[in-house]
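What follows is a short report on a single structure.
The values are calculated or read from the model by the stated rules, or taken from the named source; none is laboratory data. Keep in mind that this is a model prediction, so the values were computed, not measured. With ideal geometry, Cβ positions are generated from the backbone for all residues, glycine too; neighbour counts draw on all protein chains shown.
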Amino acid sequence: MTSLNQEMLHNLLLVLPEMVWCGSAVVLMLLQPFVKGRQALTFIALLGAAAGTMVTFFGIPGSGFAGLIQFDTFSLFFHWLLGLVSFLVILSSDSYLERENLDGAEFYALILFATAGMGVLASTQELLTAFIGLEMSSISSYILAGYRRDSIKSSESAMKYFLLGSFATAFFLYGIALVYGVTGSTNLASLADADPAGNLLRLGLTLILVGLGFKVAAAPFQIWTPDVYEGAPTPVTALFSAGPKAATFALLLRIFSTVHAATEYWFWAFWVLAVLTMFAGNLGALVQGNVKRMLAYSSIAHAGYTLVAFAAVTFVRSDPEAVAPAYAAVLFYLASYALVSVGAFTVVSEIGGRGERYLTFEDYAGLGTRQPFAAAALSLFLLSLLGLPITAGFFGKLYIFTAAIKSKLIWLAILMAVNSVIGAYYYLRLIVVMYMREYKGTVPAEASRGLSPTAAMVVTVAALITLYLGLLPNHVLSIVLSPHLLLSAR
Amino acid sequence: MAFSGHLLTVLIFFPAAGALALLWLRGDDEVWIRRLTFVVSAAEFLFSLFLLRAVPIGATGYPLEEFSHWISSPPINYHLGVDGISLFLVILTTFLTPICVLASWHGVHHRIKEFHVMLLLLEVGVVGVFLSLDLFLFFLFWEIMLIPMAFLIGIWGHERRIYAAVKFVLYTMAGSILMLVGIIWLYNATGTFDLPTIQQMLQNGVLVLSERTEMILFLAFFVAFAIKVPLFPLHTWLPDAHVEAPTAGSVILAGVLLKMGTYGMIRFCLPLFPDASRRAAPYVAVLAIVGIIYGALVAMVQPNLKKLVAYSSVSHLGFVVLGIFAFRNISMQGAVYQMLAHGISTGALFLLVGMLYDRRHTFEISEYGGLSTPMPRLAAFFLFVVLSSAGLPMLNGFVGEYLILLGTYQVSWKWAAWAATGVILSACYLLWSYQRVFFGEVTHQKNRELLDASTREKWILATVAVVTLWMGIGSPFFTRRFATPCQAVLEQMNRNVMHEVAAPSVPQPMTTGAAETSTERLAAR
């Protein structure tokens, strides 16, 4: 009896972060009728996000719930990342909600629910559990995208996201069904033993890849991204580009680190996906006149860069020595992109003003003199996205390059280099507009007050982390290069 | 010196500290901003003079080095070093920066604080490039330097400044990202980014590159450097960047930034990929000669004075590339000398053109004419600089071009003959433009009231003129210091060939081994 209890306790410890996140979301919803003023709610939400992240320290490496959940360095890393992202997003939403006159409690609760879902994605070891995590984060995301009810764009965004998202979920589910049909189990570990050359298994995994490809906005499944990102409230866009993306990539990595052979097939799948995604994102971003859309396309491009590392992972899968740097590249890149993207979208959210009216390049003209801090921070984020040295993005790109070249993917590395140069053009264009164009006076004074204190905090934290990862990447590297990164893959 | 152990670090980061200090000043406190920047950059120049003492004549290797670990995986180290070649390039940089501060004293009116911060940050990047011995660190400074330069062009430039700034960045970035791929490839093959270690591995035969790989890697580096030089036909960013940049930007761009390309060729392309360099040499030489003549001809027909100087850079830098790829000690010394001389002369030309612009706000030659009447002193300085740039004996331009032609002649008299036409052409376009601007009748009424050189301008020009003269007559002071490193680069190339000949497993087309015969054979083709 006691051993059963102990096992139960151990299992619960593994999902403690998710429980804390969900719990604080429920508390927020319950408190809403009684608490006047948004600030108290913000505080509780922040507390919840932070507490959920902190309790990962109680986790003991190992698996629980009969192998459904795996707690290892990998999931620990993603829990920290997701917790930090949702903490920052909640903090940056505070002023946004006030400006737009929106209710706080549901908003924060949905963010926390979504975070819990993503947490499940990062630590799951079984496909149906993954499905639950995916749905938890997706459904919350659909509502969050349409949170600005009086805005047509926001509603359009939610509708699009919901319809296409459901479609993708169906693909994912079909894939699971096929995999189950072949292996007789939905546990990832069973994939390792299955005959890798079987066509049915291959089809099932392809469907899973399509479903998850949609979630990470990989071309050709990326069409929804710009509209959804543009229409959603900007803090939510920040969350979309950082959280669900990272979590889904985590799941992809777990799945495809387990699929044993037939790597040739998956290698080419990822190769093609990566190239398509990079070009779709970068070429799309080139012609945008709206900063939010530009960042949305750029987020597609960065998914493409991450997929380059995936191609490297599947290519070197058989060689555990070589695969560790490729895993590390993915993790480091996701972390650096997530934080930079949260920072950039936070600035965009603040510059946008009430009703998100000021989003075009013209509205950013002369920002360098009007709002020096916001412009400097946004420039730093853009330079990191561009991959300039001493920023996080540079090392992210470097590790992916290194992983690709280690796997002898010279052409993929060269195509990535070409894309980096294309990307440089549109990131620089925004910096040029901010510092070198004269301000024409399109933005009224109320929108040029400067960042609100909470947003300034978020931007400062993101900027500091960007520089920290760019100057001293050793600490994070030692985590992502940990030999026990993926317990199951060894 | 208390800081002698960290002189190189001080040299790199002292301007950065100055830039930080500037941020504390109020934006409208113009005079103090200028004064502080001048003091910082002048002090930096004095620090850099200590390098002369630290690098003894005839020293091999890197007499002054600094090393500490930075990033564990991949192993990136903070490895700095200076030898006779980088020594003078650093001093050139630190010399030109205070001059630029003085030159912008009245020319820059808005966002003065940002301007000077950018100028100092640019110095950080450039000095870092010249001192880095870790491939990665080199790349890092190479990239960082882009941003302040782009801002200098884009904010304080002329009408089409934004176009020029973006073009400049994209060109450079396109090249450097290929170089990054090359650097990572090398790391992947060797497990280190450390330049001396990789050279060692090449010499010991630990690292053997196949013919094709070596050529690809060579190109990855070479294209990045060739864009920076700029080598024909990759030069099209240069006229735009120069014409649109403010005077200080042009001076640094022409004086120092272009040299980063040629420095890269000497420091990386030749020692790391000797065989590929040798195979590419005939083609590179042809491009260099085309650049020499093309740049001179285009300069001749320019109606825009600043564009004329910009195209003359294309021509002069063609000489440098030719000197490097002739693989003769004498021509390589000439190339290094020409790098320094061009930095001073062309920098001075841009200063003078900027002074004219400050007075008349135009670069069109047709707007001037007969200027020696209202401004005799400026005209005298201008003539002096024009003559030095045209390669008059006793002035700095002559030494480099002479040595390069001498060395090139040993390889191929045809190359030397074609290149020599560039010397003649440069005299044509420089003197002709000088005649149109300064001699004849004063055709525009406005030009009658132009003021002659102010005290500040006289000091700037006198300093530059003294250096020009000194470099012309005291050239051994310089060549003695970089003769040994130049020889070392060539020896390194030959040793690698020797090794490959010794190793039977490597297919080696050049059985005679010595570089002399191989280059001669290439040249004879």
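Some points to look at:
- Residue in segment B:77-92 that is in a strand (DSSP E or B), surrounded by fewer than 24 Cβ atoms within 10 Å (Cβ to Cβ) and within 14 Å of chain A (Cβ to nearest Cβ) present: yes
- Number of positions in segment B:137-147 that are closer than 20 Å to B:TRP70 by Cα and facing chain A (nearest Cβ under 9 Å): 6
Quick grid of which residues meet (1) basic (Lys, Arg); (2) at pLDDT below 85; (3) under 20 Å from B:VAL467 (Cβ atoms):
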site: B:ALA54; (1), (2), (3): no, yes, no
site: B:TYR78; (1), (2), (3): no, no, no
site: B:LEU102; (1), (2), (3): no, no, yes
site: B:HIS116; (1), (2), (3): no, no, no
site: B:ASP134; (1), (2), (3): no, no, no
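- Answer residue from segment A:403-432, given it is at pLDDT below 85 and within 7 Å of another protein chain (Cβ to nearest Cβ) and is nearest to A:SER299 (Cα to Cα) among those: A:ILE405
- Extreme residue, nearest to B:SER48 (Cα to Cα), among residues of segment B:103-132 that are in a loop (DSSP other than H, G, I, E, B) and not small (Gly, Ala, Ser): B:TRP105
For (1) surrounded by fewer than 21 Cβ atoms within 10 Å (Cβ to Cβ); (2) hydroxyl-bearing (Ser, Thr, Tyr); (3) under 16 Å from the mean Cα position of the chain (by Cα), each residue gets a yes or a no:
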{"residue": "A:LEU276", "(1), (2), (3)": "yes, no, no"}
{"residue": "A:ALA311", "(1), (2), (3)": "no, no, no"}
{"residue": "A:PHE315", "(1), (2), (3)": "no, no, no"}
{"residue": "A:LEU331", "(1), (2), (3)": "no, no, yes"}
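- If you go through segment B:182-203 and pick out every residue that is within 10 Å of another protein chain (Cβ to nearest Cβ), at pLDDT below 85 and crowded, with 21+ Cβ neighbours inside 10 Å, you end up with 0.
- First in segment B:131-153 and more than 30 Å from B:GLY107 (Cα to Cα), second anywhere and of a type in the set (Val, Ile, Thr) and assigned to a helix (DSSP H, G or I), Cβ under 8 Å, 6 or more apart: B:LEU131/B:ILE12; B:LEU131/B:VAL90; B:LEU135/B:ILE183; B:LEU135/B:ILE198; B:PHE136/B:ILE183; B:PHE138/B:VAL129; B:PHE139/B:ILE183
- Test result for B:ALA150, closer than 23 Å to B:VAL229 by Cβ and facing chain A (nearest Cβ under 8 Å): yes
- In segment A:132-148, the residue that is surrounded by the most Cβ atoms within 10 Å (Cβ to Cβ) out of those that are more than 21 Å from A:LEU97 (Cβ to Cβ) and within 17 Å of the chain's Cα centre (by Cα) is A:LEU134.
- When B:ILE252 is tested against (1) over 24 Å from B:GLU491 (Cα atoms); (2) among the hydrophobic types (A, V, I, L, M, F, W, C); (3) surrounded by fewer than 24 Cβ atoms within 10 Å (Cβ to Cβ), only condition (3) is not met.
Here is a yes/no grid of residues against (1) crowded, with 23+ Cβ neighbours inside 10 Å; (2) touching a helix residue (DSSP H, G or I) at 6+ places or on another chain (Cβ under 6 Å); (3) outside any loop (DSSP other than H, G, I, E, B):
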| site | (1), (2), (3) |
| --- | --- |
| B:VAL336 | yes, yes, yes |
| B:HIS342 | yes, yes, yes |
| B:GLY347 | yes, yes, yes |
| B:PHE350 | yes, yes, yes |
| B:GLY369 | no, no, no |
| B:ARG377 | no, no, yes |
| B:ALA380 | no, no, yes |
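- Screening B:ARG35, B:ARG26, B:ARG111 for residues that are among the charged types (D, E, K, R) and at pLDDT 85 or above leaves exactly one candidate, B:ARG35.
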